[in-house]
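This report refers to the structure that appears directly beneath it.
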Amino acid sequence: MSFNTFGHIFRVTTWGESHGPALGCTVDGVPPGVALAEADIQPWMDKRKPGQNKFTTQRKEPDEVRILSGVFEGVTTGTPIQLMIENTDQRSKDYGDIAQAFRPGHADITYHQKYGVRDYRGGGRSSARETAARVAAGAVARAVLARMVPGLRITGYMVQMGVRGIDRTRVDLAEVERNPFWCPDPVAAEEWANYLDELRLSHNSVGAVIEVVAEGVPAGLGAPLYGKLDSDLASAMMSINAVKAVEIGDGMASAALTGVENADEIRMGANGPEFLSNHAGGILGGISTGQPVVCRFAVKPTSSILTPRRTVNVKGEELDLITKGRHDPCVGIRAVPVGEAMMACVLLDHLLLDRGQTGGVRGRIG
């Protein structure tokens, strides 16, 4: 299986399976001299790890990360950083029934069609567990970004569960850390809790929409046409398992706007040009404008559910299948820190690309 690497200068290669002894990533392209320790990575891992509440899978993984290379005496050396996360709570026997059958909505059938062999234990590489490695890489990216762009801040939260969305007039980002859904609307969070309880008891699952916003992004990141910041950002988010759609700024809603409504007007401020709106999501022509970069992605319902679904096995025989095991009734909940990590990785990659091409030189306005 190839294509396990993303990024250009800041490059991340993830490895490992859901029920293997460990998983992790190799992070290359990190500048030397950046302070980095396992304690800098672990808080981000703790945000993603399973079993933290009744609304996520009850698999208990500490997700403790180990730095195996690339750091000496507390700072990065400029060489590849190897990160490892051990799997400690696998229950592979839960997946015996699907060793020869394909779960509807899952990648089982396509992995088999492509490779002729698959790791059926928890889905192997197609499991959401792979995203633990991305979060670890994102933590490294955040450490570098904190040094290069101290004011940059990345915040992710859930804006929709099923058909239930937030009320943006009630948004309070302080609420994001106060509920299990990373929801900025306290009223919606309470409604979602009741809704998800009903779904769990009925052996069902539901999808979600995650929004990730990066504030303090400098203008000038990205390149026209084939090096666009938004195309790389969309690709990164789309690569997350279970993600089915990505949009930047107003996204699909832009199609309903007129040119008068959509154009982000500009005026001169005390520190340079200021945009009067942000329909573009902080990116124009593939290049960051200096406004907040806004990205949303849709996560499909968890495919592994206890409700029987019609399928076939490797012999072509038809059957009804129940997927046993411990699964998220809404996998979008734990996708929030993953989306933040991918945003961090893409922004750092483009920051390093820009530094290599332009040296940070900018066109003057005013």
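The values are calculated or read from the model by the stated rules, or taken from the named source; none is laboratory data. Computed from a predicted model, the values in this text were never measured in an experiment. When we count neighbours, we look across all protein chains shown, and the Cβ atoms used for this are built from the backbone with ideal geometry, even at glycine. Keep in mind that these areas ignore ligands, DNA and RNA; they rest on the heavy atoms of the full protein, side chains included. Shrake-Rupley method; radii C 1.70, N 1.55, O 1.52, S 1.80 Å.
Things to note:
Rundown of residues vs (1) in contact with an Asp or Glu (Cβ under 6 Å, 6 or more places away or on another chain); (2) surrounded by fewer than 24 Cβ atoms within 10 Å (Cβ to Cβ); (3) at positive phi, yes/no style:
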site: Val293; (1), (2), (3): no, no, no
site: Ile305; (1), (2), (3): no, yes, no
site: Arg309; (1), (2), (3): no, yes, no
site: Glu340; (1), (2), (3): no, no, no
site: Val346; (1), (2), (3): yes, no, no
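- Note on the range 224-248: residues that are under 13 Å from Gly286 (Cα atoms) and of a type in the set (A, V, I, L, M) total 5.
- Close pairs from the range 207-221: first touching a residue at least 40 places away in the same chain (Cβ under 8 Å) and under 13 Å from Gly151 (Cβ atoms), partner among the charged types (D, E, K, R) and assigned to a strand (DSSP E or B), Cβ under 9 Å, at least 6 apart: Ala214/Arg153; Glu215/Arg153; Gly216/Arg153
- Output for the range 18-42, where each listed residue is in a strand (DSSP E or B), hydrophobic (A, V, I, L, M, F, W, C) and open to solvent by 10 Å² or more (accessible area, probe 1.4 Å): Ala22, Ala35
- Within the range 160-180, restricting attention to residues that are in a strand (DSSP E or B) and touching a Gly at 6+ places or on another chain (Cβ under 9 Å), the residue that is nearest to Cys295 (Cα to Cα) is Gln160.
- Only residues that are in contact with a strand residue (DSSP E or B) (Cβ under 7 Å, 6 or more places away or on another chain) and closer than 27 Å to Phe297 by Cβ were counted across the range 254-275, and they come to 2.
- Strands (runs of 3 or more DSSP E) wholly inside the range 181-292 that include at least 3 residues being in contact with a Gly (Cβ under 6 Å, 6 or more places away or on another chain): 208-215
- Selection from the range 201-226 of residues that are more than 21 Å from the chain's Cα centre (by Cα) and either surrounded by 15 or more Cβ atoms within 10 Å (Cβ to Cβ) or under 18 Å from Ala298 (Cβ atoms) (or both): Asn204, Pro218, Ala219, Gly220, Ala223
- Taking the listed residues Arg168, Arg153, Arg121, the one that is open to solvent by 60 Å² or more (accessible area, probe 1.4 Å) and touching a helix residue (DSSP H, G or I) at 6+ places or on another chain (Cβ under 6 Å) is Arg121, with no other qualifying.
- Across the range 228-284, the qualifying residues are those that are among the charged types (D, E, K, R) and either under 19 Å from Gly332 (Cα atoms) or in contact (Cβ under 8 Å) with a residue 40 or more places away in the chain (or both), and the one among them that is surrounded by the fewest Cβ atoms within 10 Å (Cβ to Cβ) is Lys244.
- Of all residues making up the range 293-323, the number that are more than 22 Å from Val246 (Cβ to Cβ), in a loop (DSSP other than H, G, I, E, B) and among the basic types (Lys, Arg): 1
- Flag: Ala189 does not match the condition of being open to solvent by 50 Å² or more (accessible area, probe 1.4 Å), over 26 Å from Gly105 (Cβ atoms), over 20 Å from the mean Cα position of the chain (by Cα) and of a type in the set (A, V, I, L, M).
- In the range 195-226, the residues that are among the small types (Gly, Ala, Ser) and at pLDDT below 95: Ser202, Ser205
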